[in-house]
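Colleague: What follows is a structure written as structure tokens; I'll ask about it next.
The values are calculated or read from the model by the stated rules, or taken from the named source; none is laboratory data. Since this is a predicted model, take the numbers as computed values, not measurements. Every residue, glycine among them, receives a Cβ derived from its backbone with ideal geometry; neighbour counts consider all protein chains shown. Heavy atoms of the whole protein, side chains included, go into the accessibility calculation; ligands, DNA and RNA do not. Shrake-Rupley method; radii C 1.70, N 1.55, O 1.52, S 1.80 Å.
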Amino acid sequence: MPLVMSANDGYRLWLDYAKVTDEALRGSYAKQISSIAYQSETPVIRSAVKELQLAFSMLVGEELAATRTNNERAGAVALAFGRDRAISHLRVNRELADLGADGYMIRTAADKTYILGNTDKGVLYGVFHLIRLMQTNSAIASLDVKERPAFNVRILNHWDNLNRSVERGYAGASIWEWENLPNEVSSRYEDYARANASTGVNATVLNNVNANAVFITPEYLQKVKVLADIFRAYGIRVYLSINFSSPRILGGLETSDPLDPAVQKWWKDKVAEIYKIIPDFGGFLVKANSEGQPGPQDYGRSHADGANMLAAALKPHNGIVMWRAFVYTVDASDPGYDRAKQAYLEFMPFDGMFAENVIVQVKNGPIDFQPREPITSLFGAMKKTPLMVEFQITQEYLGHSIQLVYLAPMWKETLDRDTYCNGRGSTVARVTDGTIIPQSVSAIAGVSNVGADANWNGHIFAQANWYAFGRLAWNPELASEQIADEWLRMTFTNDQKFVKPVKQLMLDSYEASVKYMQPLGLHHIFAEGHHYGPGVWERLRPGGMRPDWVPEYYHRATQQGLGFDRTAKGTDYVSQYHSPLREFYNDLSACPDNMLLFFHHLPWDYKMRSGRTLWNEICYVYTEGLDDVRRFQKIWDMQEGIVDAERFKAVQYKLREQLRDAIWWRDGVLLYFSSINGLPIPYELERPMNKLEDLMRYRLKMGISSSPPGAEQQTQQISPMNPGPQPR
Ligand code: GCW
């Protein structure tokens, strides 16, 4: 891409390619690499060559000539794949075969650096690996690297709408300029593809799961085609979210019943039309019978009927269906109703009944992307159906693009969690990557945090979450620390004076946000709609909102106690887990503090492991959360002069907002609970800055499902800690 060297606004992400400052190291890179030799030319290989040339010229300051030859000179980076000669000459065919379509090897032999893949995509990933080594100032003189991604499909889900609003997006408008496509093509599209490919992401769903049928009309398919053509050169396949009622909406049919032959034919023809335009189209993502979206149940049919009908249409083209399990449609008024149980109740009866090219896409937790939840019980339960995890990269419940929250540790909690479905070691990663459940394709999804903001993600540190998603999708065993380390070095500097403290800040940031928002297993006590500030005081009302949208339903605070009893004596959600996970959560003595109130309803004077009462513990933990943010501010301020002023100030500013809003959370939750239990906030702790009545009156006016550029500005102005326009 034509790089614009301006002040650093963050546009270049982790592909910043700042010149290596250590002269000796630069010299050693220049000595090791002096040209590029590629044996076969494809669009993906052209991208790989272009990227290596760009990176090398910027990192090392020397240009690399690239030649198509199978007679590479010493000092060459030789790129080869498939049947290229280099592979037979190195006798690595067998080793390579084990690495699958996207895997690669990097090997130094006879003064040459070989980057080998079974496909050209493998080579591209290998090139980005080599670049990363140089960006992080690692030695490259004697390499022997073998990589194979854990998941076949590593996919971003954009919740982008036709009008360029982004549902739960906090980084400006959608980057897809539908009104300008197909004629006008933004240079951002290619940069988006480069960024994804550099982390290993190989797929993208362009539009919101609350889907507008228009995206599969001939007019829009021409627009989608332009994006698909650009992305293909970076190994990225395009997918679309579909509206289940499309046969009615677009086809003029009377029904969208999946068992109706006319409906089946309509989809078959539609899919054939799509593949004519986009031959490597990936498939469909479907939100059906969830939050008002249409689906097969509208016609008395099942999720399996709906998914299999689409799967049959996609099958001849090798397309797949990602069918979401985020459902909670049944009557919520039953006193025993527990939203956490719904996905399991609706999907388990269909285990083994889905077509081979269907993957059921399951959110990491059973409620809804809360800061901390246990895993959704479907993981490890459905043993005859491929499942994929859906994470949320966009920070709907984790501080939007205002708060610095590094999400890798949160995702690791899910990926590493043992389901015990097949004995010890049946982690969520392993029950979804094909190791334990037989499946022809494995996948993992992240709801994108990309927008049209100059820095792509709204917060510079939100870029780390995009990066981390790709890295974990490639290898869920990577440590959060390693990913943070890479990202910081690539994005800012290799200077340890910076990397060490800021890495620690990142690693602590997730737990800090849980502490000042929803610690100890509290969940969904967000204000309705915007999901930014606290709404802990929102009560269940007859004739009001459905109970499972109301904070009181989740925290169940009374004068006596707090928490949601999901044990065998309560809603028995625990029984949806395998033993011993079930007992782990069910038994109060085993249940970890950080899940306590998700599974147990406890008296305020319950004695915690710390020796404090539950109430005092809550007060202490919320306060610790504030102290953490204050500590983050200090750490960051010490980086002045080490990082460029533009990004330094942007982050400094946001940390101030984060503290302000953390105080809002702590004051709101503690004052409200204190008003219920009549207990004081322990006198040794700092006193609230706000009055409960003011906080309760407060209404944050953010768009629920759209976030035009400047939405962040609105939040800043109207936070109760910094009152702008008057509350209602
Ligand atoms: O988290 C909730 C969001 C909705 C979203 C829904 C879903 C796309 O608040 O905005 O809709 O989940 O995942 O379908």
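Colleague: Determine the gain in length on full extension of the stretch Glu41-Arg73; use 0.36 nm per residue of separation and subtract their C-alpha separation, reporting nm with one decimal.
Modeller: 9.7 nm
Colleague: Same structure, new question: Can you give me the accessible area per residue for the chain, using a 1.4 Å probe, in Å²?
Modeller: Accessible surface, normalised per residue, equals 36 Å².
Colleague: Modelling each spin label as a point 7 Å along the Cα-to-Cβ direction, I'd like the Asp9/Ala479 distance in nm, to one decimal.
Modeller: Spacing of the two 7 Å Cα→Cβ label points: 3.8 nm.
Colleague: Using only the Cα atoms of region 590-661, what semi-axes does the equivalent ellipsoid have when each is the square root of 5 times a gyration tensor eigenvalue? Give whole Å, largest first.
Modeller: 37, 11, 10
Colleague: Right, next: Assuming R0 = 30 Å, what is the FRET efficiency of Lys31 and Tyr653, from their Cβ-Cβ distance, to the nearest 0.05?
Modeller: E between Lys31 and Tyr653, to the nearest 0.05, is 0.10.
Colleague: As an exercise, use a Förster radius of 51 Å and the Cβ-Cβ distance of Ser333 and Arg424 to find the FRET efficiency, rounded to the nearest 0.05.
Modeller: Step by step, r from the Cβ atoms, then E = 0.80.
Colleague: Aspartates and glutamates within cross-link reach of Lys412: Cα-Cα under 19 Å, excluding same-chain residues under 8 positions apart?
Modeller: Correct list for Lys412: Asp368, Glu373, Glu390, Glu396, Asp433, Glu477, Glu481, Asp485, Glu486, Asp508, Glu511, Asp593.
Colleague: Just the Kirkwood number for the chain, please: inverse of mean 1/r across all distinct Cα pairs, in Å, one decimal.
Modeller: 26.8 Å
Colleague: To continue, here is another question. Taking the alpha-carbon distance from Lys276 and a cut-off under 15 Å, which aspartates and glutamates remain once sequence neighbours fewer than 8 residues away in the same chain are dropped?
Modeller: Candidates past the 8-residue exclusion: Glu219, Asp229.
Colleague: Related question: Which entries in Lys223/Lys363; Lys341/Lys383; Lys503/Lys649; Lys50/Lys500; Lys515/Lys607; Lys649/Lys691 show an alpha-carbon gap greater than 26 Å?
Modeller: Flagged as over cut-off: Lys223/Lys363; Lys50/Lys500; Lys649/Lys691.
Colleague: Taking every DSSP beta bridge with both residues inside the chain, roughly what % is antiparallel (nearest 5)?
Modeller: Once the DSSP bridges in the chain are tallied, antiparallel ones form about 25 percent.
Colleague: Can you list the equivalent-ellipsoid semi-axes of region 371-522, largest first and in whole Å, using the square root of 5 times each Cα gyration tensor eigenvalue?
Modeller: Over the Cα atoms of region 371-522, the semi-axes work out to 28, 17, 15 Å.
Colleague: Compute from the Cα atoms of region 32-83 the Rg and the Dmax, the latter being the longest Cα-Cα distance, and quote both in angstrom.
Modeller: Reported Rg and Dmax, both Å: 10.6, 33.
Colleague: Starting from 0.36 nm per residue, how many nanometres of slack lie between Glu684 and Asp644 once their C-alpha separation is accounted for?
Modeller: That works out to 10.4 nm of additional length.
Colleague: Starting at the first residue of region 76-90, write each ³J(HN,Hα) from the Karplus equation 6.51 cos²θ - 1.76 cosθ + 1.60 with θ = phi - 60°, in whole Hz, x for Gly and Pro.
Modeller: 7, 9, 9, 9, 8, 8, x, 8, 4, 4, 3, 6, 5, 5, 8
Colleague: Shifting gears a bit: Can you give me the solvent accessible area of His578 with a 1.4 Å probe, rounded to the nearest 10 Å²?
Modeller: Looks like 50 Å² after rounding.
Colleague: Just how large is the dipole of the chain about the Cα centre, in debye to the nearest 20, putting +1 at every Lys and Arg Cβ and -1 at every Asp and Glu Cβ?
Modeller: 740 debye
Colleague: Could you check how much of the accessible area of the chain is carbon and sulfur, as a whole percent, using a 1.4 Å probe?
Modeller: About 50 percent, which is the carbon plus sulfur part of the accessible surface.
Colleague: Would you calculate the separation in nanometres between label points at Lys146 and Arg546, each defined as 7 Å from the Cα along the Cα-to-beta-carbon direction?
Modeller: It works out to 5.0 nm between the two label points.
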